[in-house]
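What follows is a set of notes on a single structure, which appears directly below.
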Amino acid sequence: MGNIFGKTKTKPISRVTDQDKAVLQLKQQRDKLKQYQKRIELSLEKDRELAKKCLASGRKERAKTLLRKKKYQEKLLSNTDAQLETLEKLASDIEFAQVEAQVVSGLKVGNEALKKVNEILSIDEVEQILDETRESIEKQQEIDALLNGVLSEEDEEDVLAELEDLIGADQQKEMEQAPEVDISNRLPDVPNDTVIKEQKRKEKDAAGMNKKVALEA
């Protein structure tokens, strides 16, 4: 019932390949062999020390047995070294083969894309386009040559003058369309003539009064 109203969950696509799994298993086996080697190395050291103690206590046969066991384990240790080398080489070969497969896949995709491009643009079509382009350029050059031959020097001057008029008209249009800037607030205040005259009259009257007072004194 829940699937009727809810969305069905799709399982995510796993990107782990069989080669990846094989490499992982090889590396796990390698790690186990390394752990086994460490255990053997510890056992060899213990057997050697125990054999010394047996000889010291007079148990020669027991010491010989321990040394035989030690020798056998040393051979096992040597075999594990060869097995480790084989596992690491296999893992490395698989990983390198994966890289090669990716390179080949990329080359295949690129080759297919190149084929499609070549199908779109064939050699004949490219040559035709180049020929048409060349003809168009030559035709335009002929037209320019004819026009240059027809027009006199005076005509050329008229053409240049008309070009300058068009440029000037465009500049005038841009100036007219540009927003006006109010610069009145940037100009200094102009003194009023009436205020100046009134101030001069007051100064003159004050000077006259001072002169009169001085004479009376």
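Roll a 1.4 angstrom probe over the protein heavy atoms and tell me the percent of accessible area of the range 22-86 that is carbon or sulfur.
The computed percentage sits at 51.
Step through the table entries LYS27/LYS52; LYS38/LYS89; LYS34/LYS60; LYS27/LYS75; LYS34/LYS70; LYS32/LYS70, compare each Cα-Cα distance with 29 Å, and write down the pairs that go over it.
Too far apart for the 29 Å limit: LYS27/LYS52; LYS34/LYS60.
The values are calculated or read from the model by the stated rules, or taken from the named source; none is laboratory data. Since the structure is predicted, the reported quantities are computational estimates derived from the model, not experimental observations. Ligands, DNA and RNA are stripped out before the accessible areas are found, and what is left, the full protein with its side chains, is counted by its heavy atoms. Shrake-Rupley method; radii C 1.70, N 1.55, O 1.52, S 1.80 Å.
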